[in-house]
């Protein structure tokens, strides 16, 4: 039995505490809310029946005590914080700015429309101008990137032709320009040729630049490996191979580097037969597994460097003469078959007689006293001696 005043259950007909007549306990109807639950305060509903509501947005209506109907979309909107509302408004405004600046020009009419929209969305004028300037700078940067892309393509084409024709002086002049573009351009060809030229012509600079780099770059890792080998630091080069694997590098690229490592040992450690065999095997693996497209010339250069005498073709001669120069046997200068002949020199004619030359020759023993007498100087009589007084 149940006491309606004490809200407790007792045995018998009357409440032992207040004396009120006990009645049957009423059955629970509808949904009860646990108001002490933090989720209920924040809008989450906890029902006492078998249906648990985890996501308000998944149901359209929820009935509470069979009397009130609450639209869940309204509950969701009410739960938004002021920061969330402001963020949504700024996103809408940013989208409108991007649409009007798609052509790179913001007309006065469009600017007025944006000002009105900012006021409707409760965006401060200063904040609105900041967002407009940000979109404008981004648009200009993208348009400028198209010009940089054209410049990159032209420079890469020129460098490619210079490498194929072994025009070293042109490559040295283009290297600073290539470096400036490589700092900001992610273009793979720019990165390939810049790091290749730096490792070929300035291996010390390539190693220093790698030590100062904050992030890994695939082509920098590849060519600084070659630079370390050229500098005789094979241990530093070997450490870079696992780091290249993290880029998902073609297996042929790694096999080519391993062939270069064996070539270095073959040249510097007494020409071991083992290194020669390994070098040949790694070259075959590089060809079978597949390499990056720009490395074809390098593959032929390594194959040529295996020989005691190199006779490379013009299109990969640069790699033999400069990239792998330290790994090729020194070539003795070729002596000419006949000694060089002295160039013919015309004998100057004998000078003709000139009276002036004779006069000048006679004045070589010049005597100033004799010349003065000849000119009548010093002929006057000396002054008389003074007379003696008695």
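The values are calculated or read from the model by the stated rules, or taken from the named source; none is laboratory data. Predicted model, so just to flag it, every value in this text is computed and none were measured. Quick reminder, even Gly has a Cβ in these numbers, built from the backbone with ideal geometry, and neighbours come from all protein chains shown.
For segment 269-279, which residues satisfy the criterion of being assigned to a helix (DSSP H, G or I) and more than 34 Å from the chain's Cα centre (by Cα)?
Result: 273, 274, 275, 276, 277, 278.
Does residue 182 satisfy being in contact (Cβ under 8 Å) with a residue 12 or more places away in the chain, buried (at least 18 other Cβ atoms within 10 Å of the Cβ) and either within 21 Å of residue 241 (Cβ to Cβ) or in contact with a strand residue (DSSP E or B) (Cβ under 7 Å, 6 or more places away or on another chain) (or both)?
Criteria not met by residue 182.
Does residue 221 count as within 18 Å of residue 255 (Cα to Cα) and within 15 Å of the chain's Cα centre (by Cα)?
yes
Sort out which residues of segment 211-245 are within 21 Å of residue 288 (Cα to Cα) and either in contact with a strand residue (DSSP E or B) (Cβ under 9 Å, 6 or more places away or on another chain) or surrounded by fewer than 21 Cβ atoms within 10 Å (Cβ to Cβ) (or both), and write them in order of number.
Scanning segment 211-245 gives 241, 242, 244, 245.
What pairs can you find where one residue is in segment 203-230 and assigned by TED's automatic domain parsing to the domain that holds residue 179 and under 19 Å from residue 180 (Cβ atoms), the other is outside any helix (DSSP H, G or I) and modelled with pLDDT under 95, and their Cβ atoms are less than 8 Å apart, with a gap of 6+ or different chains?
Between residues of segment 203-230 that are assigned by TED's automatic domain parsing to the domain that holds residue 179 and under 19 Å from residue 180 (Cβ atoms) and residues that are outside any helix (DSSP H, G or I) and modelled with pLDDT under 95, the close pairs are 220/213.
Given (1) touching a helix residue (DSSP H, G or I) at 6+ places or on another chain (Cβ under 7 Å); (2) assigned to a helix (DSSP H, G or I); (3) modelled with pLDDT of 90 or more; (4) within 23 Å of residue 296 (Cα to Cα), where does residue 118 come up short, assuming only one miss?
The one condition residue 118 does not meet is (4).
Would you say residue 106 is part of a loop (DSSP other than H, G, I, E, B) and under 26 Å from residue 86 (Cα atoms)?
So residue 106 passes the test.
Whether any residue in segment 280-290 is modelled with pLDDT under 95, closer than 18 Å to residue 325 by Cβ, out of contact with any strand residue (DSSP E or B) (no Cβ under 6 Å at 6 or more places or on another chain) and not in a loop (DSSP other than H, G, I, E, B) is what I want to check.
No - not one qualifying residue is present in segment 280-290.
Among (1) over 18 Å from residue 150 (Cβ atoms); (2) assigned to a loop (DSSP other than H, G, I, E, B), where does residue 176 come up short?
Status for residue 176: all satisfied but (2).
Can residue 259 be described as crowded, with 22+ Cβ neighbours inside 10 Å, assigned to a helix (DSSP H, G or I) and over 22 Å from the mean Cα position of the chain (by Cα)?
yes
If I filter segment 266-277 for residues that are touching a residue at least 40 places away in the same chain (Cβ under 8 Å) and either closer than 30 Å to residue 170 by Cβ or surrounded by fewer than 14 Cβ atoms within 10 Å (Cβ to Cβ) (or both), do I get at least one hit?
Checked segment 266-277: at least one residue is touching a residue at least 40 places away in the same chain (Cβ under 8 Å) and either closer than 30 Å to residue 170 by Cβ or surrounded by fewer than 14 Cβ atoms within 10 Å (Cβ to Cβ) (or both).
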